[in-house]
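As structure tokens, the structure follows; a few thoughts come after it.
The values are calculated or read from the model by the stated rules, or taken from the named source; none is laboratory data. Just so we're clear, the structure is a prediction, and the values are computed from it rather than from any experiment. Backbone-built Cβ (ideal geometry, glycine too); neighbour counts: all protein chains shown. For accessibility, only protein heavy atoms count, side chains too; no ligands or nucleic acids. Shrake-Rupley method; radii C 1.70, N 1.55, O 1.52, S 1.80 Å.
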Amino acid sequence: MSNHYNSTLIKKHPRLPARVMRITTPHGEVLTPSFMPVGTRAMLNYLTPSDVLDTNSHIILGGNTYHMLCTPGMEVIEKIGGMHRFMGWSKTMLTDSGGFQVFSLSEKGSVCIIDEEGAHFKHPITGKILHLNAESSIQTQKIIGADIIMAFDQCTPEAGGRETALAALDRTHRWLIRSKAEHDKNPQSAYGFKQALFGIIQGGSFRDLREQSAEFILQQDLDGIGIGGEVIGFDMQKTVEIIDWVRPLLPENKIRYTMGVGLQPQDLIDVVGRGIDIFDCVAPTRNARHGTLYYGEIVERDDWIAFESDTGVTKILIKKSQYAKDDQPIMPSCDCYTCKHFSRAYLHYLFKEGLIAYFHLSSIHNVHVMQKVCVKMRERITNVPSPPAKAGGEG
Ligand SMILES: [Zn+2]
């Protein structure tokens, strides 16, 4: 397998910013648009790596830096030879810098202080104070050994206003320079595999700050670009607006990653239609566990696609008594393992009884639907006809 990273434009939609990219990494190739299931604690809840592959996933977010630092700790991960081996995933992997988790901790009032040096937080079990900064985040991600790693950033809270957004942006830029310097010492994992470093555009919901951040990130000559902040993926109207602000500044050959997008299938369609390539979200598996299963049809709409349903709602709540005797699959057009073999009645029963098989089967379906939407987007970008060439100048 080649020991390098690159990203290549394969096909652009003739009328939309949507595109198909190929990402080449030491652990395989990925065609985008591609959804990344999230393995927060070095596992995808209730899914084995083989289940994940069966959902057509070729890249995952494996093991969050913050969680891996807390437990099992870097000594264990390094001894086993990195996260790919530890969790049994042989394909492409991205990990995060820990920036978002320490931000969440500080917002929730847990013991976590963020200052210019980095984040200082209490180990959830031992109570010992741990420190995470730009340098140690990069070193940790080298031990995790993911193919794509992220610069340490300060997430922008949505409620903070302009001054807070500006402060987070300036700090993120200073930390980016430190992250890159640490990465450039040896741009490989602890196991000798080439790693790509992505920077993160902050700036909250302020257009000039987002543009300023995008320009700064691009000057650093990184391998790819993340778009972060609390608002991304949470408020989809603002998310697409922010993408539209920064997209004209972004080069065509670099991967664009919206961090935390994917509450529902239509969210993927909305960001890809604006020129985004990859995204991660815990929602598909979390929704599945709580009984919310994606339901709908992928339909062609003008030059693009949409995820719609006959009921007007693109999900079903499997706990409802109306499914107790329903012999249909969750989503009749879905070809996942769950839909091919089991009825809504069976899933309703498993859910009501709290049986483990429910969590497994429902997670397979929800992740599969996200990837099915990505497959359809790749097809649409590749196959939608280009507009006829305008008649020449001969009158
Ligand atoms: Zn299904």
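Each row is one residue, and each column tells you yes or no for (1) away from the ligand (no atom under 15 Å from the Cβ); (2) on the phi < 0 side of the Ramachandran plot; (3) assigned to a loop (DSSP other than H, G, I, E, B).
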residue	(1), (2), (3)
Val313	yes, yes, yes
Ile330	no, yes, yes
Thr338	no, yes, no
Gln371	no, yes, no
Val375	no, yes, no
Glu379	yes, yes, no
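Identification of strands (runs of 3 or more DSSP E) wholly contained in the stretch 107-172 with 3 or more residues that are charged (D, E, K, R), touching a Phe, Trp or Tyr at 6+ places or on another chain (Cβ under 9 Å) and open to solvent by 10 Å² or more (accessible area, probe 1.4 Å) yields no element. None of Arg19, Arg41, Arg85 is under 30 Å from Pro385 (Cβ atoms), charged (D, E, K, R) and outside the structural domain of Lys376 (by TED's automatic domain parsing) except Arg19. Filtered by the rule that a residue be surrounded by fewer than 20 Cβ atoms within 10 Å (Cβ to Cβ) and more than 21 Å from His290 (Cβ to Cβ), the stretch 28-41 gives Gly28, Glu29, Leu31. Evaluating His360 against the criteria (1) farther than 15 Å from Pro284 by Cα; (2) away from the ligand (no atom under 11 Å from the Cβ); (3) open to solvent by 50 Å² or more (accessible area, probe 1.4 Å) leaves one unmet condition, (1).
For Thr258, the conditions (1) among the hydroxyl-bearing types (Ser, Thr, Tyr); (2) assigned to a loop (DSSP other than H, G, I, E, B); (3) touching a helix residue (DSSP H, G or I) at 6+ places or on another chain (Cβ under 8 Å) are fulfilled apart from (2). Using the structure shown, decide if Glu78 is surrounded by fewer than 21 Cβ atoms within 10 Å (Cβ to Cβ), among the charged types (D, E, K, R), within 15 Å of Ile278 (Cα to Cα) and over 16 Å from the mean Cα position of the chain (by Cα). When the stated conditions are applied, Glu78 does not pass them.
Evaluation of Ile144 against the conditions (1) touching a strand residue (DSSP E or B) at 6+ places or on another chain (Cβ under 9 Å); (2) more than 28 Å from Val30 (Cβ to Cβ) shows that the sole unmet condition is (2). If you go through the stretch 315-328 and pick out every residue that is open to solvent by 80 Å² or more (accessible area, probe 1.4 Å) and within 13 Å of the ligand (Cβ to nearest atom), you end up with 1. For the stretch 287-311, taking the residues that are touching a helix residue (DSSP H, G or I) at 6+ places or on another chain (Cβ under 9 Å) and small (Gly, Ala, Ser), the one that is farthest from Arg344 (Cα to Cα) is identified as Ala306. Residues in the stretch 353-369 that are free of Cβ contacts under 8 Å to residues at least 12 places away in the same chain, assigned to a helix (DSSP H, G or I) and among the small types (Gly, Ala, Ser): Ala357 alone. Pairing each residue of the stretch 331-352 that is farther than 10 Å from Lys319 by Cα with any residue that is open to solvent by 20 Å² or more (accessible area, probe 1.4 Å) and within 7 Å of the ligand (Cβ to nearest atom), provided the two are 6+ apart or on different chains, yields C-beta distances under 6 Å for Cys336/His368; Cys339/Pro329. The sole residue among Ile305, Ile298 that is away from the ligand (no atom under 16 Å from the Cβ), under 23 Å from the mean Cα position of the chain (by Cα), crowded, with 18+ Cβ neighbours inside 10 Å and not in a helix (DSSP H, G or I) is Ile305.
Can Met68 be described as touching a Pro at 6+ places or on another chain (Cβ under 9 Å) and at pLDDT 90 or above? No. Just to be sure I understand, how many residues within the stretch 191-238 are part of a helix (DSSP H, G or I) and among the polar types (S, T, N, Q)? Qualifying residue count for the region: 4. Just so you know, in the stretch 16-49 the residues that are modelled with pLDDT under 95 and assigned to a loop (DSSP other than H, G, I, E, B) include one that is farthest from Leu250 (Cα to Cα), and it is Tyr46. Only a single criterion out of (1) closer than 19 Å to Ala168 by Cβ; (2) open to solvent by 30 Å² or more (accessible area, probe 1.4 Å); (3) assigned to a helix (DSSP H, G or I) is not satisfied by Val246, namely (2).
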